[in-house]
Each structure stands twice: as structure tokens, then as C-alpha cells.
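Structure, as C-alpha cells:
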There are 4 protein chains.
Amino acid sequence: MARKIRMGMVGGGEGSFIGAVHRMAANLDGQIELVCGAFSSSAEKSKSSGEALFLDPERVYGSFEEMILKEKELGEDKRMDMVSIVTPNHMHFAPAKLALENGFHVVCDKPVAFSLEQAKELEQVVNKSNLIFALTHNYTGYPMVKEARHMVKTGKIGKVRKVVVEYPQGWLSTKLEDSKQKQADWRTDPNKAGISCCMGDIGSHAENLAEYITGLQIKELAADLSTFVEGRLLDDDGTVLLRFDNGAKGSLFASQIAAGEENELKIRIWGEKAGLEWLQSDPNTLIVKWLDKPKEIYRTGINYGYFAEETANATRLPSGHPEGYLEAFANIYKNVAKTINAINDNRDVSGLDKDYPKIEDGVRGMAFIEAVVSSSNQNASWVQLADWL
Amino acid sequence: MARKIRMGMVGGGEGSFIGAVHRMAANLDGQIELVCGAFSSSAEKSKSSGEALFLDPERVYGSFEEMILKEKELGEDKRMDMVSIVTPNHMHFAPAKLALENGFHVVCDKPVAFSLEQAKELEQVVNKSNLIFALTHNYTGYPMVKEARHMVKTGKIGKVRKVVVEYPQGWLSTKLEDSKQKQADWRTDPNKAGISCCMGDIGSHAENLAEYITGLQIKELAADLSTFVEGRLLDDDGTVLLRFDNGAKGSLFASQIAAGEENELKIRIWGEKAGLEWLQSDPNTLIVKWLDKPKEIYRTGINYGYFAEETANATRLPSGHPEGYLEAFANIYKNVAKTINAINDNRDVSGLDKDYPKIEDGVRGMAFIEAVVSSSNQNASWVQLADWL
Amino acid sequence: MARKIRMGMVGGGEGSFIGAVHRMAANLDGQIELVCGAFSSSAEKSKSSGEALFLDPERVYGSFEEMILKEKELGEDKRMDMVSIVTPNHMHFAPAKLALENGFHVVCDKPVAFSLEQAKELEQVVNKSNLIFALTHNYTGYPMVKEARHMVKTGKIGKVRKVVVEYPQGWLSTKLEDSKQKQADWRTDPNKAGISCCMGDIGSHAENLAEYITGLQIKELAADLSTFVEGRLLDDDGTVLLRFDNGAKGSLFASQIAAGEENELKIRIWGEKAGLEWLQSDPNTLIVKWLDKPKEIYRTGINYGYFAEETANATRLPSGHPEGYLEAFANIYKNVAKTINAINDNRDVSGLDKDYPKIEDGVRGMAFIEAVVSSSNQNASWVQLADWL
Amino acid sequence: MARKIRMGMVGGGEGSFIGAVHRMAANLDGQIELVCGAFSSSAEKSKSSGEALFLDPERVYGSFEEMILKEKELGEDKRMDMVSIVTPNHMHFAPAKLALENGFHVVCDKPVAFSLEQAKELEQVVNKSNLIFALTHNYTGYPMVKEARHMVKTGKIGKVRKVVVEYPQGWLSTKLEDSKQKQADWRTDPNKAGISCCMGDIGSHAENLAEYITGLQIKELAADLSTFVEGRLLDDDGTVLLRFDNGAKGSLFASQIAAGEENELKIRIWGEKAGLEWLQSDPNTLIVKWLDKPKEIYRTGINYGYFAEETANATRLPSGHPEGYLEAFANIYKNVAKTINAINDNRDVSGLDKDYPKIEDGVRGMAFIEAVVSSSNQNASWVQLADWL
């Protein structure tokens, strides 16, 4: 019988941004209960974080290894069902692998790993496991993103010709990593972030969004990355020319030095019959531009009968009640929880519940990051994404 | 020691809109746990609602009376701390009174009661009780609303001269109540909604928002209400001229027949030095208009150091991650939970945690509704709000 | 045979805002030539103004009387065809009357006169004259305003229920008239502006726009006017409750103390089937809101085949080339020029060319102003507009 | 003494889009008078066009050669001062050269010529002539574009790092040239348009705007052009990676198959201290995004004292009166007319009056077009713009 899914968390201690996000997203729908955690590499910090979260001190652990092994020993009616991994990139692989190998489902922050090699190894672990592995490419959780995908899939805009996706931020316009700012510190550190800062952190979101909505795959790309802030060790900006498998073309740009920008993730797709536009900072609006009639403005709302069922499934409120970042993020957790419940009960998993990013998305994302860096190192030569897959 | 606050719910069974909203709002921050409920006047519906919420069947009750009295008998470490009341207007008073009289804190949907008389009686019960009574005028929970209030309070815009607040909706443009639509049914029924539909349901939100942000009180008003849909029993539209206690003037309009509108709650305030504008469908933006320099766009974000502490307290995410309706709603629950924890621990309640709408707001709201109806019945004559208080 | 229409101007000398506007509007389409003027009550200023406009010094006059009488003596192939009156309100009537009585067509700035009495007298002069009298309620010249009117007229939005029109400005937030600022000086002076500042200057635009688009007439109104700036002699703000002849209701507000606002003339109209929204600061957009399908965004463009012919007639450019205030203003002059050419050639005047505001609009506007002031003087009592007509 | 400048026109007969635009732009400020024209290669069409424009039939010519030579024979007080060339690209060079060689100033539509070679030859003619040659890169005529340029020049946004400029249109999404549509016909014809359709027509506007505002020069570029509509002979879409002479990077995209787009020319520039954003379809708004304080919204208006003098010089109206495409276009003509008057009077030309695009801009534009096509032909290899200059 369906019940609240029990979650353990790796990382996300005090001062973490994304840990709190994952917890709120998991809380929202009352489908998941946080029962344990290894919130920090410092046992003391982990403990105080657990206390602030009202956890049983017995289940606040000093390391992810400890958590996984101790939880495994608990009774089936008590131990966690899944692990949420919210650490920096270099700390995704090990806990994910250990969790899967010990029978726990995994929700993991993106990019999926420190390197493509790790990602591919993890993919094998996942595939062997019969367990769920969900990747929090949260932007695909927005209802209007799902509706856009549906419109493309059902041919409403005709064959896709052009895709322009962008993700400008301005928060790394100065050398923020020189302060103790936690987010900047690890993202600009090659030992923690991997081979890319900007493209790894947000470029990969843009890539994922473009492929998710269009249903197309990037075939080749040419990238020009930059590091504008002196002394920074990784890229903080880049533009990528894109060619898709159906002949469509496009571009992707991501920047962390776009002064004054917040998170202006935006995608525009033009087909033979219409264009689509979606902007993350106005997420409940989908603009549909027709060749021969006025533009239409679609707006999130469970009351609108004309939406696809996957859109409705991702919507909680009637129109006019803005849904935001956490609601989109929560759609991943909600679907994961429903899927786990179905598995536990030996029920078929509904197609709608399967709608969350998976290990394949993670591998493609890592391939994208490595291909982009490689192209840029060759002065924006064209590279085939397939060469990394 | 702080712990999760235990909540029981009255109303909010299957098919309810606002019940689900309250639950998500209560869930979001992990400060509250739903432990019991009387979700419907039908015991069977209540039961199936409770099951879908993973509740212990023992604590799913057939009536609010049963819930309150049975929970009272449970041990202090188990019984609910507070009751959330999410029924139609005519069913607010009785459970609220009974809960308070039996020692339970209350969160209640708005308007606070079926009539001003009930509201005043409830106010006495609250005042006698030493318990918390929070009213979900949720729009005041938005960070940019709090910042607007702060800007007025600290004199940034100078003495307020003009306030224009409006709340157009279009969902009652046709006689929806003739179908079985649950929301329309009770809101247009004088036996459930009270003496007003439009002004009671959304006009009172507009009134509350205007007084909250400006810190002013409406002194007199002249209202012209209408019922545009034939056969409807209560108002579905109205405009109100306002005069405030400091000499400011303004207007309020609310409509449920504004075809094609969602929830366009909007407020504009002009002072001697600047103007403010906030729109619920773009809730993370606050526009500040100066006499002699370019307009400024304030945006929600915990990273922006220049915001007031009450704004920061109501914000969960860095800029660029849109917060929405549920997050604003959740700010009421979060503050209530923190306040209850402080009371339980005999700690002083932080000023920030006290920032939620209270019984006084409810009484003013009911006075507003009754004054508006009275003025309209006299062909929009001026009436003094004080005559109702 | 059609030729350029020859125009003389009264007022509009150096430092005038609206004089320059009228000249650019008249120039734009190459249908009108400025040939003479009495630009100022100071003969010297008039002369230097005429020089800057490259006029023949012989035809730069010291007074409107001189201009009208001297031009009359010129040959038919030389003398002006029409007079453009761009003086403050108290100087509209005399030159308009004299021009008409001497056989010259007139284009006059709004409001049409200093008082309703003058307006009515002028109406008689116009009616006797068989000459054109055009009033520059320029906002009705915008293509999307004409399309909105067309949509209402053809029943697209159903019976109109609610009209909300507003015109906030902030430029008189301080006592600007104490400086030498020319625009503020006469508008706040009862001897030049008439009985109202804000309602006369901009409230009357809002009234005209509402009646133009809806095709309805205001039947009764209740107005609450204010003077917020100490020592100011006329109103600088006001809100008016409206009731229309078809049973629709609404409100109008105009303000000159809405700090930081430019010219945010905005109208929203809700019918039984749809709503319309138009905003002067984004004039090429018309938003159409449906009950049961996504919002549509109509945009100005001669290429869009779906527009009404009066809309197309008011449009100069393909979509994407923003048309502005001057183009809308020029639509009045263009239609006037075409009408005069038709009259001169004894051709029938095309219905499209007749689409400009006329003396009747002016009389209604003055009645509106006087009714509003009267209602406000009686503490916002309802008054019937018919009592002034 | 200053007088109206007399203009002749080449091209722009009935059915022309841009001819009418040039005439309205020249009319607007009353500084220029159209006195003659060779409006079409068909003498009859030219005649009827001239008649509709109220021209003296004697001065409506059958060819540009006839016009230039006949006008030259007229007296100095009658003959045209300048020629406006509004023909398709392949017909710019010959009339421009002939006009200059016969002593007439020239205003010419863009791109300046059919080929870079022609452009360079024309540059020599201009340089020898001591006459004015103005190129209608009209988008640089907008006040907020000039303010943006000023802000960059004066260091307000710090060193420029990133420039993203784009110009999507959708009007060639289908094979419109197969109909008789005049605009599509010549633009897609290599014999009339030159080597590029999309990049030549609108990409060059984007390039000009980027260099104008930033004051930077494109140093190298890599371009990926496409022809999406089957059977079309020239590009209808393209994306270009940009590297600027100061080390800034960026991208430019232009498309004519971006279904549903009008003329969404948009530029974003990010410097070390702030970002700028301007969009042609909302041309009176300039968004300034700061690192550490709220975004500012600058709005066109002659009343705003804080603008640069070149901004004020390009502004006609107080704030809140939208200026549009024609006003921006007219700023070129106004400055040209003032410059010609100064030259005629042997006065120094004011620096402000010199603010219009010149032959150098035209040569750079042609070099850009040829470089882009060349890069694209080499599969988006990097090319140095200097190799074409």
C-alpha cells in the first residue's frame, strides 16, 4: 500500500543552497519524508543540520558510507527508500554508486558526475540495479516546458528548424571565489566542479532543456568558451553553435558574467508552422507564435482543459496562482515517490510518473560538457557529440 | 525543544482546491506534520481523503467535533497542536471556536467567518485563549509585498496619496454554479458564502493587501456592486471608492466576470516621492517609480543584501528562482509553526515570526464586506468603516 | 484635383509642446503644408517661430484675427485651407469661431473649449458652416484602438459588462506651476484651463477613449476629485464611478500626482465572451482574453490581413516597425486632409476618411468635465450626464 | 539662411515599402521637401507615383539619370539638394555615384551596395566629393540606442565583455518569393540582393547596431548560414560567433524563418559593472542591470534631464508619448538636413548634427556580409574582418 517514501540525504548541510531546495521539493507534496542524512563531511555540522531538521540524532550520520550501511541494517519498515545526493559534482559518483549497490534508489543533483567516464560507469551500475536513478534537471519539471514538448511532439509547430537557448547569470562577474562564498568556491574549482564551470553548471541545463522540449538530439557543435574574470580557473562564459539530428540549427549560450542577470534561462524554438518561447523567470507563460494568426499566450493552470496530460500532471493549482522553481523541482520528487510506491506495491508505473530525468540524460549532459570543452580547445572547431557517446 | 508541529485539518477533502493548498503550504518547510483530519461531512469521503494522505485511519474523523475532542484525549506528545480550517465560509466559526476552547491553535481560511457578528464573537474567543489564530490572507506572504510595506513604513515613497488596488477574475463569467463545480457552488450561495460573493472572496483580499502595505486604514468608502450573470444570487463585480485615515484616496475593484482574467491582483501606491507597483501574477517583481530618476525593478532573492529583514525572512531562494503562490502561503504556516514552537518552549517569539494575519485582520475584513454591501444598497453612498467596528 | 492642404496655425510658438506635435503630425504624410501662423500673442515671438519654420515672413501674423482676415484676402490658390488651434483651453473658442465664420476648416486641440457653454455655441457655428471641425483626441488614432472598437462593434467580445479606464501621470506631483514651466502654468490656472486641471486635461481623454472603443455612452457618474498638492487651484487627481447606457459599469481614474508615471493611459473592457486590454505606452499591442482559450496578442501591421479596414487605414508600416504617438496623431490630420481634398473636388468623402473626433465629441467631453466637477462638489453623488447635454 | 532642403527620390514608387518610409521620415520635421523623383523604371509608374505625391509632373522623371541631369540644369534656388535612394541593393551604386559626381548629397538605403567592391568604389567617390553621404541604418536613430552608446562610452558599464545581438523575423518562413510579393522577390534574388539575403538585409543591421553602441569593432567571426526554405537561392538564417577588438566576445543571429517573429532586433551588452538591454519592438525602454543594485528602466523623454545631449537631440517628445520607427528613421534625415543647411550657409556643422551613419559604416557592413558568407562556406571557420577591409 502506498505510503510516504523515506529519504536520506547526502550533503545539504547548513549554508547549502541546493540541499534546502531538494528538501523543500521533497516535502511539498507530502509523498516523501526525510528520515536521515549525512549532511556534511564534518560530523558536527552534520549533527547540527540534522537537529535543525528535527531528525532522530541516531540517524544523522557522519558520512554517506555510514548512512548507507547503517540504514541497510534497519528494518524494511523503517529504513530509507532512497538517497538524495546534493553535494558538489566530485561527490556525486561515490555515494550514488554505493547507494545503488546497497539497494537504495537515488535522486542526484546535476551534472551527474565529475567526468563523463564516471557518468558512464554509473550508468552501468544503474542499469544493473533495477533501481530508480533520477537527475534533477529541474527546469524540465515546469508545466509550460512539458506543454512545449507536447506541442513539438504532436506536430503543432511543424518540423523544427531553429533552436536558440540561453542561460545568462551575472553572479560570477567578480572573483567571488576569493571570498568564502560556498557556491562560487566549488563551482570554480577544477577539483570539485570538473573541467567546466559555466558550461557544466548551467550550459548543461540549457542543453538538457533544448533536447527535452524538441525531442531532437544535438549532433555536432562548435564552442567558444571564455574566462573573463582574471585568475579564474574555469570558463565563466561560452557560446555554442548547434546542429541537430533532424537538420535544425541553433545556438546555446551560457554566462556567469552577464552582469545583472539572475537566471534568465530562455528557449525559443521555431518550426515550419509556429514558434515557441519560454523564459524561466516567467515560467507560467508559454508564448506560441503563429505564421498567420495572432500570438497566443498559454498559462499554467489545472483548470485549462486543453493541456496535455503530462502538463496537467505537473500542475498543482488553478490558473492565476503562480507556480515556481520549487514546484517544478518537486515534480521530479513527486514522480519518483509515486514510482517507488508503485514498485514497492508491484504495480505498473504510470507513464506520467516516469516523467523525470534519468541517467541517460546525465550521460548526454557530461558528453555535452566534454565535447564543448574539446571544441573550444580547438578554437571552436566542429565536433560530433557521438564521438563522446 | 523545537519539533515538527502537528496539524489537524477541517475540510479539504477530495475535490477541494484550498485544502490541498493549505497542505502543500504546511508541508513545504518541514516544520509541520499533518497528523489527523475531518476532511468532509461525509465520513466515507473523509476516510478516503485521509488514506490518500497516508494518515493513520484512527485519526481520520467523521466530524470536526469528533476530531477536536478525540485529539484532546491523546497524549501531549501525540495530539495535534493546531487545527487548519479550510471549509466554506459558513463553516469557519464553529470549528475555530471549538478548537480554541479546547486548547488548539487555529489557522483559518478567509474571510474569517460568515458574518461580522461571528467574527467579533470569535475575536473574543481568541483573545481569551492565549492561543494563536492565523488567517490565510496569503498574498501578504509574498516577499515583495513585505518589501513594499517596508518601503512605505520607512518613508521611502513619502506620504501616501493614492492607492489603487484591483482583483479581476473571469471564472464566473458564466453561470458556473449551475454545473456541479464545487468552488462556484458555495461561493455564490448566500447560505454558505455570506452576504457577498465577489467582495467577500476576493475584494477582501484586496482590502487586506492595501491596508497591509500602506499601514493605513480605510476610513470611508462608497461601493457600487453588481450581479452581471442573470439569476446569480450574490454580487460578481464591484468598484469601491476609498478614503484613508491619512487623507489618501483610492479605489478598489474586484470582479469575477472580467472575462479571461486569472487572478490579476494588483496594487499601485503613489506617495509624495515615489510610486510602488506589485502584481500577483508576477509576484517576484516590485516596481519603484521615482519622481526624478529611472524606475527601479526590485526582484525577490535572499542574496540581495538591501532588503528588509521581514522580506528576507519571507524568501527561500536566491534571485532568479521564481517563488510563487504556495511559497507565499507557506510563509504564514512557517511563522505559525515557529511561533508555536517558541510558545511550547517558553521562548520569546521573534518579531519576524509574528508576521502573519490575525483575528483583527479578519474582523476588519468582515466589516469591510458588510460596509461595502451596505453602501451599495444605498446606491454607493459614503459609509464610515468605523460604524461597523 | 487633390493637392497638399494648406494649414495655418494659432499658437504653438517656441516652447510649446503641443504645437510641435501638431506640426509633425500634419507633416508626416505629405498631405498638408504649413503656410502661415499666429504662433504667439507676442508678435516678436510669433515672427521668430515662423522663421524657424521657414515660413514666408509675410504670412507670420501677430494675432489669429489678423491671420484669418488677411489669409481670406489671398487668392484661392494660395490662402490656407484650414486652421490648427493649439493654444491653451481658454483660447480655443474665439479663433475656432472666427475661422469657421470665415470659411476655414478647423483642427482644434482638446478639450474643445473653456466651458461647456462655449462648446455648445461652437457646435452651432460648426453645424451652420458645412466646414470640418476636428478635435485632436489623438489616442483614438492608434490602430489597435480602432481594432478594439471594431471587435466590440462586431460582437467579438459579447455584450460589454465592465470598463476600466485610467490615465495616471506623475508630472504634477510637486508644485511645478511655481516654476515657470509653461505646461504646468496654464493647466493649473482656472482662468486658462477652466474648472478642472486633471479631469479636463487627461480625464477627458480617458472618457473619450472609453466611449470610442465601446460605442457606449456614459449615463451616470459619481466622482471624487482631489487636490493633493497644497496651494494648487484645481484638481490634480480623481476617480469616477461610471454607469453606461447598456447597463455596463466601470470606473475611470486620472491623476497627475501618480509619482513616476508617464502617460499610462490604459483601458480594459470585459464583455460576456472576452476581454480587451490596451495600453498607450505599448500602443501596438492589443490583448484579447478569451473565456475558454489562450489569450491572443494582436499587433499593429499593414501586412496582417485579418484587421478591420479602419485599422488598416490607420496603419503605415508592416508589423515589427513600432508606430507611436505622432503616427496616431497624424491619423487625424491625414483623414482631415483627405476629407478637405474630397470636398474641394466635390467627391464623396470615404467613410474611412471621416474617422476623426468631431465637435460632438468635444461637447460630450465638456459635459463630462462639468458633470464630474459637479458630482465631486456634492461628495461624489450620482449625476446624470444627460443633464449637461 | 536655413531653408527646407529639397529632395529627389530614386525608387519608392507604388507598392514600395521603404520608399514610403523614407518620405515620411523626411517629412516629419518639416526640414525637407520632396521636389522630384524617378520612382520606377517604368516611366508610367513613376508618373502616377509622382502625382499621388502632389509633385510637379515636370519633375517626375523616367530614370535617375534623367533626374540628376535635368535637376542639375535648374536654378540653384529650385533644384534638388540631395537624392534619396530607396531601390533594391543592385540599384544603389549607380545613382549614388552619379548624384555625387553631379554635386548632389545622397541618402541611401542599406546595405550600401550590391558588393563590397562597389562599396569601396563608392567610398572613394564620396571622399572626393565633399558631399554628404548618409546610410539609413535607422535603428541607430532611436534615442535609447544613443543613450546606450553614451553609457558604454562614458564607462558606466565598465569594459565590455559580451555582446549578444539578434534579429529574428518570420516573414520568409514560406517561399513567399513564389508569389509576386515585391519585398520577398528581390531580397531572395542573387541578382538584386547580392550574395546574401538574411545577413545582407538584417544581419547587417545587427552588426551595425552592435558596433555603434559598443564603439567596438568585430575582429573575427565564424558563421553558420542556412537556407531552410527549399529552393530558395540565398540564406534565410544564420548565427555568427563574434570576437571584438577589445577581447569581448559575442554572437549575432539573424533569421527570416523564425516563425511568428516580427522585427525582434535586440541587443544585450554586458560589461564588468553592468549590463544593457534594448529591444526594437519596445524602443523607448533601455534596461540597465547593475551588479549590486536594482535594475533601472530608462525611458525616452525630452523632459528627463539626465540623458546625454545626443539622446536629447534624437528625442522629440516628453516621456510617455511613444516614439517609433519613423521617428528614429527621421533622425537621420533631420541631421542630414541640418548639416546641409550648415554647409550651404558656411556654418560649422554641429557635432550632434553629424550623428548619422556614413559611407564607412556601409563599407564595414559589406565587409561583414562577405566575411560571413565566406566563413560559412568554409563550415564556420574563423575569418578576420580585416581581410576584407
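Here are a few things to note about the model shown:
- Fraction of C-alpha pairs exceeding 28 angstrom in chain C: 46 percent, rounded to a whole number.
- Rounded to the nearest whole Hz, the Karplus-based 3J(HN,Hα) values (6.51 cos²θ - 1.76 cosθ + 1.60, θ = phi - 60°) of segment B:4-14 follow the sequence 5, 7, 9, 10, x, 10, 10, x, x, x, 3, with x at glycine and proline.
- Cα centroid of segment A:92-130 to Cα centroid of segment C:343-361, whole Å: 77
- For D:ILE85, nonlocal amide neighbours, meaning residues 5 or more places apart or on other chains whose placed amide H falls under 5 Å from its own, are D:VAL10, D:VAL107, D:CYS108, D:ASP109.
- Cα-projected label distance for A:GLU230 with D:SER374, points at 7 Å along beta-carbon direction, nm: 3.4
- For B:GLY250, distant residues with modelled amide H under 5 Å away: B:VAL163, B:LEU242
- Measuring r between the beta carbons of A:GLU76 and C:LYS156 and using R0 = 60 Å, the FRET efficiency lands at 0.45.
- Couplings 3J(HN,Hα) for segment D:131-144, derived from phi with the Karplus relation 6.51 cos²θ - 1.76 cosθ + 1.60 (θ = phi - 60°), are 10, 7, 10, 10, 10, 8, 7, 5, 5, 6, x, 5, x, 6 Hz, where x marks Gly and Pro.
- Comparing Cα centroids, segment D:1-43 and segment B:172-235 end up 60 angstrom apart.
- The mean sequence distance of close C-alpha pairs (under 8 Å, at least 6 residues apart), as a share of the length of segment C:173-252, puts its relative contact order at 27 percent.
- When each of B:LYS146/B:LYS293; D:LYS47/D:LYS128; A:LYS97/A:LYS192; A:LYS334/B:LYS47; C:LYS110/C:LYS182; B:LYS273/C:LYS266 is checked by Cα-Cα distance, pairs over 26 Å: D:LYS47/D:LYS128
- Per-residue shielding of B:291-300, expressed as the average number of other chain Cβ atoms within 10 Å of the residue Cβ, stands at 6.
- Put simply, the amide H of C:LEU265, placed in the peptide plane, has neighbours under 5 Å in C:GLN280, C:SER281, leaving out anything fewer than 5 places away on its chain.
- Inter-chain neighbour count for A:372-384: the average number of beta-carbon atoms from partner chains within 10 Å of each residue's beta-carbon is 1.
- Rounded to whole Hz, the Karplus (6.51, -1.76, 1.60) HN-Hα couplings of segment B:198-209, x for glycine and proline: 5, 5, x, 7, 10, x, 5, 5, 5, 4, 4, 4
- Here each label is just a point 7 Å from Cα along the line to Cβ, and for D:MET1 and D:ASN130 those points are 2.5 nm apart.
- Value of relative contact order over chain A, rounded to a whole percent, pairs C-alpha under 8 Å and six or more apart: 19
- D:SER63 versus A:ILE343: modelled label distance in nm, points set 7 Å from Cα along the beta carbon direction: 8.2
- The magnitude of the dipole of segment A:138-264, with charges of +1 and -1 set on the Cβ of Lys/Arg and Asp/Glu and taken from the Cα centre, is near 760 debye.
Bear in mind that the values in this text are calculations on the coordinates, not laboratory data. Every value quoted in this text rests on a predicted model; they were computed, and no experiment measured them. Cβ coordinates were reconstructed from backbone atoms using ideal geometry, including for glycine residues, and neighbour counts include every protein chain displayed.
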